[in-house]
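What follows draws every value from the coordinates through simple rules; no lab data is involved. These numbers were taken from a predicted model, which means no experiment stands behind them. Counting neighbours? That spans all protein chains shown, and the Cβs are built from the backbone with ideal geometry, glycine included.
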Amino acid sequence: MLLPSCIIIRPSFRITTTFYKPSSHWRHHIVPINHSRRLSVPTFINSASISTASSTTVEDHTPSVMAQDGSTPHHPLQVAKRLEKFKTTIFTQMSSLAIEHGAINLGQGFPNFDGPDFVKDVAIQAIKDGKNQYARGFGVPDLNSAIAARFHKDTGLTVDPEKEITVTSGCTEAIAATILGLINPGDEVIVFAPFYDSYEATLSMAGAKITCITLRPPDFSLPIEELKSKVSKNTRAILMNTPHNPTGKMFTREELGQIASLCIENDVLVFSDEVYDKLSFEMDHISIASLPGMYERTVTLNSLGKTFSLTGWKIGWAIAPTHLIWGVKQAHSYLTFATSTPMQYAAAAALRAPDSYYEELRKDYKAKKEILVEGLKSVGFNVYPSSGTYFVVVDHTPFGLPNDVAFCEYLIKEVGVVAIPTSVFYLDPSEGKNLVRFTFCKDEETLRNAVGRMKERLARK
Ligand code: GLN
């Protein structure tokens, strides 16, 4: 018989395998917070990926379970060992749940408003002008020049657009190309938790040995003594992010100076993800590459998406001295070879935007941030200060749910708002169990509605 494309499960069957972290993590996650046995998968995760077949006739010869992704007991999902611990990304899961439950999506960081016409028009024109074949592998010359000019303006550093820049398909590819192009299996790489989920997956693909340092609330400041104790001659690189997703922390000049000294002393590289650099509110963004002695050991990573509200375009880049960009460029050549040609022309136009564009962007986001932060405080959350990005992290424990996943489940189903549980951003998920992330990259009405729902339906326990 023809099976519907959704999952079919006998009513008595319970899937406990679909999840975004390995069960061992979840055991770890759950034990300290009252559950003495293995976590049964939160129902909202199940409901995203399976639906019970109580209303569907399933005959005896049909497989007892078929997942949405097409796996069956006879054909389990196959994935190479380097990726087997990673499941569907939390952003994908949460955005589908938002749709499924009609919840307001303050989870995945994508604006619900469009990018500027002056950028879109250039893309349309480029397509009409026939700029539709492969681009030069490391970027169309116009974009490389615009990136170099922007970087000079922002940091004072002069880079050769032809020799020190590689354009990639979003910053996520730039991160992957940097790691795959410069990290050997067994190399030690330091990351700061909480960290963006692709870092761990990509480091795992490269066979890196991950050393993690946790930034802790309330200010998520750099634990310098811990960093000192972990950086050694065996450290190959530090992978960092400022302004920092998910916390909104921005590394101060003093912290960057401390990282820089350790890197210089121990001959360590820095991979610096700065995609939220234009969304800095409480202080000025500083690129670590601009500190004395750092450019020669830093790969600076950035993208178009956040600054121009065009996250779907996937235009990113890496900037590094010739001796480091070579590895990045080689990995990029064999990962994607080149990036969308017309969008690169438009990206060049975007980066040449006048200062007023960036000022306006910051002003708009400041207003949105205010609505969300004040709103969350009035709902009763303990809101941690966020200096940059379009995210804010809160402590959800006043509402009495046992952990971040349970809280987000409740929030989606009972309140109609989506947030991101932060435990997915830690090597040890229990470290994130009290924290959830909200984004304010949504129009003001959406933010007010979300706050309204929480005020009405979330009760402190
Ligand atoms: N960077 C976005 C966020 O943190 C998500 C991007 C993605 O879904 N991969 O929300």
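Straight-line cross-link reach from Lys413 at under 17 Å between alpha-carbon atoms covers these aspartates and glutamates, not counting any fewer than eight positions away in the same chain: Glu100, Asp404, Glu456. Spin-label pair Arg253-Ser221: with each label point 7 Å from Cα along the Cα-Cβ axis, the two points sit 1.7 nm from one another.
Given a Förster distance of 22 angstrom, what is the FRET efficiency for Glu370 paired with Ser290, based on the Cβ-Cβ distance and rounded to 0.05? Computed FRET efficiency for Glu370 and Ser290: 0.15. Given their separation in residues at 0.36 nm each and the Cα-Cα distance between them, Arg82 and Arg448 gain 127.5 nm when the chain is fully extended. Checked against a 19 Å cut-off, the cross-linked pairs Lys228/Lys433; Lys278/Lys363; Lys87/Lys278; Lys363/Lys442 give Cα-Cα distances beyond that limit for Lys228/Lys433; Lys87/Lys278. Within the straight-line cut-off of under 21 Å between alpha carbons, the lysines reachable from Lys163 are Lys153, Lys329, sequence neighbours fewer than 8 places apart in one chain being disregarded. Summing charges over neighbours of Lys278, with a neighbour being any other residue whose Cβ is under 15 Å away from its Cβ, gives -1 when K and R count +1 and D and E count -1. Take the Cα of Ser333, step 7 Å toward its Cβ, do the same at Asp142, and the gap between the two points is 2.6 nm. Taking the number of Cβ atoms within 10 Å of each Cβ as an exposure proxy, the fewest-first ranking of Val415, Val393 is Val415, Val393. Residues of the stretch 393-410 falling in the label zone of Glu456, defined by backbone nitrogen less than 19 Å from a point 7 Å along Cα to beta-carbon, are 410. Full extension of the chain between Asp267 and Lys413 gives 47.6 nm of extra length, using 0.36 nm per residue less the Cα-Cα distance. Between Asp129 and Asn184, the modelled label-to-label distance comes to 4.5 nm, taking each label 7 Å out from Cα in the direction of the beta carbon.
Contact order for the stretch 200-288, expressed relative to its length and based on alpha carbon pairs under 8 Å spaced 6+ residues apart, stands at 29 percent. Compute the FRET efficiency between Thr92 and Glu359 as 1/(1 + (r/R0)^6), taking r as their Cβ-Cβ distance and R0 = 22 Å, and round to the nearest 0.05. Once the sixth-power term is evaluated, E becomes 0.05.
Between Ser229 and Lys209, the contour length at 0.36 nm per residue exceeds the Cα-Cα span by 5.6 nm.
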